[in-house]
Amino acid sequence: MATPTHGGRAKCLQRLVRLELPVPRTVALSFDMVHTIASGGMPDTQALVDTFCDGALLCVRPSSEDPDWGGPGAILNIGMNHDRLADLTKTLGPDAASELYLRFVQSFAIHVARLDPDMFEEIEATGADGLAEALRAYEDEAEEPFPQDPAVQLAEVLRSMARAWEGTTARLLRQAKGAPMDAGLGLVVQEMALGLGQGECGSGVLQLVNSETGLPQVTGRYLSQSQGREALQQGNESLYLVRDPRGPSLEEAEPEIFATLKKNAELMRRRLREEMQIEFTLVGGQVHILDGVRVQRTPRAAVRIAVRLAEEGIIARQEAVMRIEPRAISELLHRQIAPDAPRDVIGSGIAASPGAATGRIVFSAAEAQASHARNEPCILVRRETSPEDIRGMHAAAGVLTERGGMTSHAAVIGRGLGTPCVVGAARMKLNLKRKTISAGSGKVFREGDIITLDGTNGQILAGAPQTVEAALDDAFQVLMTWADDERDISIRANADTPADAATARNFAAQGIGLCRTEHMFFEADRITPMREMIFADTAEDRQAALAILLPMQRADFSELFRIMEGLPVVIRLFDPPLHEFLPSDRAGLRDLAEALDLPVSDVTRRVDALGEYNPMLGLRGVRLGITLPEIYDMQARAIFEATLDTSEEGEPVVPEIMLPLVSAKREVELVRSRIDAVAAAVRAERGEEFTYRLGVMVETPRACLRAGDIVPHSQFLSFGTNDLTQMTYGLSRDDAGRFMSDYVQQGVFREDPFHMLDVEGVGELIAIGAERARLVQQDVTLSICGEHGGNPASIAFCRAVGMDYVSCSPFRVPVARLAAAQLAITDKIS
Ligand code: PEP
Ligand code: MG
């Protein structure tokens, strides 16, 4: 009688029986038996009935492997017939006895005989009259009298429940929840302990923790017999499903019974090694435990419960770590829509940055800032975002874009800021002139209307559903420390700004694995010198612009080194897809013309000249370092000067400099020799020593294939899976959002490959790259720094190919820490 042969409920009841808890007599039917019943076989139900006390009423409940997979509802009071009515009338009185029978007739008619539920609608009478009408209605509709033989009733119930489980709809529903095709159903036949009779009688549920917080608190509901009758007369489904919070406190009324229940629940918690809710009845003050189910819990409560069970020695720490879904951790880090809040869904897109955000719609960064200044939360809605929007993104509670995918500007920045973000909501039509967005349903939303983004599942909702706050409590911290004790792969963060770095430290990242230096220039007061540098026509002009950027960069790097004190920091040299830095509208062109003191027409011409047909494959990354080497020279100098400045204050800093978008060994050689020269110059000028590490981002397919060539010039290789995915598939990271859902829906891709690493294709390239690099240089440090770094399945792949660390957005660091720990534990125990 153990899972998976009889299902979770059967297994739990068996354990309760072994604990000698007062469980009514129970017989469990196995998956095989239920399957046989569905196919037309039937056990000897008379023999089954005979195993129970003479005249007992029975109930049948489903027992699948996982209660979340659903299943047919329980059927109660089997065995109720004219004879039992007469018996129970003597003990319970005519009204209660008739009501019990009436409820059974109704549930049998609807759920077992599958008669039309409307047939009972017109019955207004209660008690004996109501019952007589119901029996008549049954006979009319079924063209036979209501079955009186308990064995026949039981057979019908078993058959209908078994068949319901095997129906196509039920199968598809449970498969959607992760059940295998051949998931079985067990059935539990149990003698009913009616909470009716003399003395204290009633029914209820009790648990020892609060389901919201996971903190110890005895909660539950109890319905005494008199309230139960009232509830029955009000037409509630069944006595045992009535959950009425109006009930008196059982603790006050019956302290001894309450103490017994609590003791039973405590025993169950300890021996079943889980917080359980007990379902009980009281008959004449006698406790009967009908069932025990795992307490429902929020992610926050789940963490608290696991930690408390481990702290009390009930489960091992490893098990506590294994019990928490990494995704649930992400929910703890962000405000979420309350699980039971009604959702008025008006559209959906790609869930690019988790958490819930509610605010008034604004359509420009300037409006977002103005709204923020008025203390009015807003949702910034853009076709797509660019560096000019960064201030607005900081000011907005959430960001919604019509275009873009998991690695588009809005998505990357949103995750970095921890701002909820939905991108690629292509079916939401944006009209920037009219300042409206139209939902697929045709409903139009205007500037100022309130909407909510659910960045955890990509939904866009009208109005302001209730939300629950982020909860990083002590239990979370404890669980994370336990996870870190198990982990065998390091976790770093992608952090571009001091704020990102502080978040990364706070989440115990073991360093920065990617600082995208061009992101340091997204702020309004910095984008102009950056543009001036990009715009410079002559070496002189470029030098002048670089001279402005140098002190800014030096200060940035010093701050990052200080915040990350003692931890490694990988600084990636500029990789600006140029189009992200060019003004795209008239106002932007005018601003730049003012800054450069040039006519707008000159600026427009230069913007056109710099324009590329395919900027993501254009003058980006190391190509910039080859063609305009002064730019990387400036960055190297800023890094080295900051290294010396910060090393004077504390531990020596060893910066890690990374070259983006490399595809050939010669690129690395050329840039390396210039950086070495800058290092030598700074050493000579300052008369001080320092070391640095140079690494390469492996994000073109060629770099993977030629990793053996490239690695002698690099101390570390970091796989940039965003670009590598883009180039392996030939799939634009900015445009794929438009058709990605069609591709996933039609099964072309199992998942968005920008979200879940494509282990088969992109993964093979990474494995080749890792292998070829290690063959030449065994001690090279290998890592991944694309957005996949925070995805549990992708981390499994990175571990398997022997990477030293993964680097992901700061807010994903805890998820990555937990996922990595679970992988290590799984390996240890298997
Ligand atoms: C990458 O391509 O995977 C990466 C991390 O770099 P970026 O997203 O900045 O191109
Ligand atoms: Mg890249």
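The values are calculated or read from the model by the stated rules, or taken from the named source; none is laboratory data. Computed from a predicted model, the values in this text were never measured in an experiment. Note that each Cβ is placed from the backbone with ideal geometry, even for glycine, and that neighbours are counted across all protein chains shown. Only protein heavy atoms, including side chains, enter the accessible area calculation; ligands, DNA and RNA are left aside. Shrake-Rupley method; radii C 1.70, N 1.55, O 1.52, S 1.80 Å.
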task: Treat every Asp and Glu Cβ in the range 62-171 as -1 and every Lys and Arg Cβ as +1, leave all other atoms uncharged, and give the resulting dipole magnitude about the Cα centre to the nearest 20 debye.
output: 460
- request: For the chain, build the charge dipole from Cβ charges (+1 Lys, Arg; -1 Asp, Glu) around the Cα centre, then report which of Ala373, Ile314, Tyr729 sits farthest towards its positive end.
  value: Tyr729
query: Among the trypsin sites (Lys or Arg not before Pro) within the range 366-398, which fall in a DSSP loop and have no more than 15 other Cβ atoms within 10 Å of their own Cβ?
result: Arg374, Arg383
field: Taking the range 525-591 and dividing mean pair separation by its residue count, relative contact order in percent (alpha carbons under 8 Å, at least six apart)
entry: 31
- line: Classified through the alpha carbon gyration tensor (a ≥ b ≥ c as square roots of its eigenvalues; rounded if a/c is under 1.5, else prolate when a/b is larger than b/c, else oblate), the range 82-214 comes out oblate
- request: Return the FRET efficiency for the residue pair Leu670, Glu594: r is the Cβ-Cβ distance, R0 is 35 Å, and the value is rounded to the nearest 0.05.
  value: 0.45
query: Between rounded, prolate and oblate, where does the range 2-74 land on the alpha carbon gyration tensor, with a ≥ b ≥ c its root eigenvalues, rounded for a/c under 1.5, else prolate if a/b exceeds b/c?
result: oblate
- prompt: In the range 45-111, if every C-alpha pair distance is counted and binned at 10 Å from zero, what percent goes to each bin?
  reply: 19, 42, 30, 9, 0
- line: the range 456-507 and the range 124-195 have their Cα centres apart by a whole-number Å value of 46
task: Compare the Cα positions of Ile361, Ala707, Phe476 along the charge dipole of the chain (+1 at Cβ of Lys, Arg; -1 at Cβ of Asp, Glu; about the Cα centre) and return the one farthest towards the positive end.
output: Ala707
task: Could you pull the Rg and Dmax for the range 587-672, using just the Cα atoms, both in Å?
output: 17.9, 52
- prompt: Per q in 0.05, 0.08, 0.10, 0.11 1/Å, what log10 I(q)/I(0) does a Debye calculation on the alpha-carbon atoms of the chain return?
  reply: -0.37, -0.81, -1.08, -1.22
task: State, in angstrom, two size descriptors of the range 251-409 derived from its alpha carbons: Rg to one decimal place and Dmax to the nearest whole number.
output: 23.9, 74
- request: Would you work out if the range 279-357 is rounded, prolate or oblate? Take a ≥ b ≥ c from the square roots of the eigenvalues of the alpha-carbon gyration tensor; rounded if a/c is under 1.5, else prolate when a/b is larger than b/c, oblate otherwise.
  value: oblate
query: For the chain, with the dipole built from +1 on Lys and Arg beta-carbon atoms and -1 on Asp and Glu ones, taken about the Cα centre, which of Gly611, Pro420, Ala501 lies farthest toward the positive end?
result: Gly611
query: Viscosity 1.567 mPa s, temperature 4 °C: Stokes-Einstein D of the range 25-158 from its Kirkwood Cα radius, in µm² per second?
result: 82
task: Place a +1 charge on the Cβ of each Lys and Arg in the range 687-830 and a -1 charge on the Cβ of each Asp and Glu, then give the dipole magnitude about the Cα centre in debye, rounded to the nearest 20.
output: 280
task: Would you mind computing Rg(Cα) / (2.2 N^0.38 Å) for the range 578-625, counting N as its residues?
output: 1.22
statement: Between Ser249 and Asp474, the FRET efficiency computed from the C-beta separation at R0 = 45 Å comes out, to the nearest 0.05, as 0.90
- request: May I ask you to derive the FRET efficiency for Arg683 and Ala544 from their Cβ-Cβ distance with R0 = 41 Å, giving the value to the nearest 0.05?
  value: 0.95
message: List the residue ranges in the chain for DSSP H helices whose C-alpha atoms run 27 angstrom or more along the long axis and whose Kyte-Doolittle average is -1.0 or above.
response: 539-563, 629-649, 665-686
- prompt: For the range 681-743, what is the Kirkwood hydrodynamic radius in Å, using each pair of distinct C-alpha atoms?
  reply: 14.5
message: At 222 nm, what value in deg cm²/dmol follows for the chain if DSSP H runs of at least 4 each add -39500 (n - 2.57) and the sum is divided by all its residues, to the nearest 500?
response: -13500 deg cm²/dmol
statement: Using a 1.4 Å probe on heavy atoms of the protein chains only, the accessible area for Asp537 in Å², nearest 10, reads 110
query: Stretched out fully, how many nm does the piece from Ser441 to Glu139 gain, at 0.36 nm a residue minus the Cα gap?
result: 104.1 nm
field: Spatial separation of Cα centroids for the range 1-53 and the range 609-641, in angstrom
entry: 71
task: State, to one decimal in nm, how far the label point of Thr89 lies from the label point of Thr691, with both points 7 Å from Cα in the Cβ direction.
output: 9.6
- request: Within 10 Å, count the other beta carbons around each residue, average over each peptide in 790-797, 314-321, 740-747, and list them highest first.
  value: 790-797, 314-321, 740-747
query: Hey, any idea what % of the chain's accessible area is carbon plus sulfur with a 1.4 Å probe?
result: 49
query: Over its Cα atoms, what ratio of radius of gyration to 2.2 N^0.38 Å does the range 491-539 give?
result: 1.48
field: Under 23 Å between alpha carbons - lysine pairs in the chain that sit 8 or more apart or on different chains
entry: 6
task: Treating only the Cβ atoms of Lys and Arg (+1) and Asp and Glu (-1) as charged, compute the dipole magnitude of the chain about its Cα centre; round to the nearest 20 debye.
output: 1260
task: Ignoring everything but the protein chains, give the 1.4 Å probe accessible area of Ile110 in square angstrom, nearest 10.
output: 50
